[in-house]
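Structure first, commentary second.
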């Protein structure tokens, strides 16, 4: 699971700075940077605050963060469609699936 990459994707798609998101999530810029670079493991409450700061459902972050092998028994085609829907909700092009590191479809 790559929550940091999902946070960065959502933030950059919105054109928001780390500073703006950190301020809204009530955390430091350096901590947000460490999260985005997977140097820290955030708590669920921290992820919730960041999702709220990004104005995205927390579930969207988890979908974007998940690798295919973490989705369990979900059919690979369904996982691919789920990823595409999550990316579309951000207004992201479909080629972002490979940039997210997923192996869907």
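The values are calculated or read from the model by the stated rules, or taken from the named source; none is laboratory data. This is a predicted model, so every value here is computed, not measured. Cβ: placed from backbone, ideal geometry, glycine included. Neighbour counts: every protein chain shown.
Numbers below:
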item	result
Any hit, segment 31-40, residues being more than 22 Å from residue 91 (Cα to Cα), part of a loop (DSSP other than H, G, I, E, B) and modelled with pLDDT under 90	no
Selection status of residue 43, modelled with pLDDT of 90 or more, over 13 Å from residue 10 (Cα atoms) and under 13 Å from the mean Cα position of the chain (by Cα)	no
Whichever residue in segment 77-94 is outside any helix (DSSP H, G or I) and farther than 13 Å from residue 61 by Cα and, among such residues, is modelled with the lowest pLDDT	94
Any hit, segment 13-24, residues being within 12 Å of the chain's Cα centre (by Cα) and either surrounded by 12 or more Cβ atoms within 10 Å (Cβ to Cβ) or modelled with pLDDT under 90 (or both)	yes
When residues of segment 46-76 are limited to those that are farther than 18 Å from residue 10 by Cα and touching a helix residue (DSSP H, G or I) at 6+ places or on another chain (Cβ under 7 Å), the one modelled with the highest pLDDT	76
Residues (over 20 Å from residue 63 (Cβ atoms) and either in contact with a strand residue (DSSP E or B) (Cβ under 6 Å, 6 or more places away or on another chain) or assigned to a loop (DSSP other than H, G, I, E, B) (or both)) located in segment 8-30	15, 17, 26, 27, 28
Boolean, residue 5 is within 21 Å of residue 90 (Cα to Cα), under 9 Å from the mean Cα position of the chain (by Cα), in contact (Cβ under 8 Å) with a residue 12 or more places away in the chain and surrounded by fewer than 20 Cβ atoms within 10 Å (Cβ to Cβ)	yes
